[in-house]
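The values are calculated or read from the model by the stated rules, or taken from the named source; none is laboratory data. Only a predicted model underlies this, so the values are computations on that prediction, with no experimental measurement involved. We place every Cβ from the backbone using ideal geometry, glycine too, and count neighbours over all the protein chains shown. For the accessible areas, the whole protein counts, side chains as well, though only heavy atoms, and no ligand, DNA or RNA atoms are used. Shrake-Rupley method; radii C 1.70, N 1.55, O 1.52, S 1.80 Å.
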Amino acid sequence: MAGKGKHSPPGGGNVYAKANEVIVKITGDDTNQTFEVVEENCKPGFQSRAHYHIKAYETFYVFEGNAEFQVGEERFHAVKGSCVHIPPGVPHQVTSPSGVRMLMIYSPAGTEGMFAAMHALSHDELMNSELTRELALKYDTVMVEQSKNGRGKGTILG
């Protein structure tokens with residue numbers, strides 16, 4: 001049986017926007033759960049929570065801006081044209097004081113479920129580190145950093 005192609009135009013895809021804009025361009029359903037392709041547009045001051053994926057490989061490609069990637073014990077300064085690859089089980093965190101636009105590929109697919117679930121949360125729920133830790137774990141993501149007051153350090157969707 002022949003597959004069917006897909007075109008995702010600029011701005012097109014499944015959009016999950018809070019402070020950052022996350023656009024799932026190619027979903028797990030498009031690839032038989034093999035991988036997903038995600039565009040993320042991060043505003044200045046973005047910092048993800050330190051986390052790792054149990055099964056998924058994650059690869060970032062920077063289109064605009066720049067970001068610092070803490071990947072295990074290594075630190076990478078990624079600028080336009082940089083590519084950063086992270087295997088499963090390696091803790092990582094992304095920080096961008098000036099903003100960054102990047103493409104992310106997750107393999108196997110499944111991270112879109114986390115983006116959708118986090119997008120549905122209220123601001124207060126999104127800042128509840130225990131709630132988001134439990135939710136992320138359902139989607140192959142382990143948060144490794146929690147703040148002392150219970151609120152998340154960094155953000156999931158900006």
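One table, with the values for the structure above:
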{"item": "Identity of the residue in segment 3-29, hydroxyl-bearing (Ser, Thr, Tyr) and assigned to a loop (DSSP other than H, G, I, E, B), that ends up farthest from Asp124 (Cα to Cα)", "result": "Ser8"}
{"item": "Residue satisfying condition, being closer than 21 Å to Met143 by Cβ, open to solvent by 20 Å² or more (accessible area, probe 1.4 Å) and over 13 Å from the mean Cα position of the chain (by Cα), within set Gln70, Gln33, Gln47", "result": "Gln70"}
{"item": "Of the criteria (1) open to solvent by less than 30 Å² (accessible area, probe 1.4 Å); (2) within 26 Å of Ser129 (Cβ to Cβ), which one Glu21 fails", "result": "(1)"}
{"item": "Lone qualifier among Thr111, Thr141, Thr59, Thr132 - being open to solvent by less than 30 Å² (accessible area, probe 1.4 Å), closer than 21 Å to Gly12 by Cα and among the polar types (S, T, N, Q)", "result": "Thr111"}
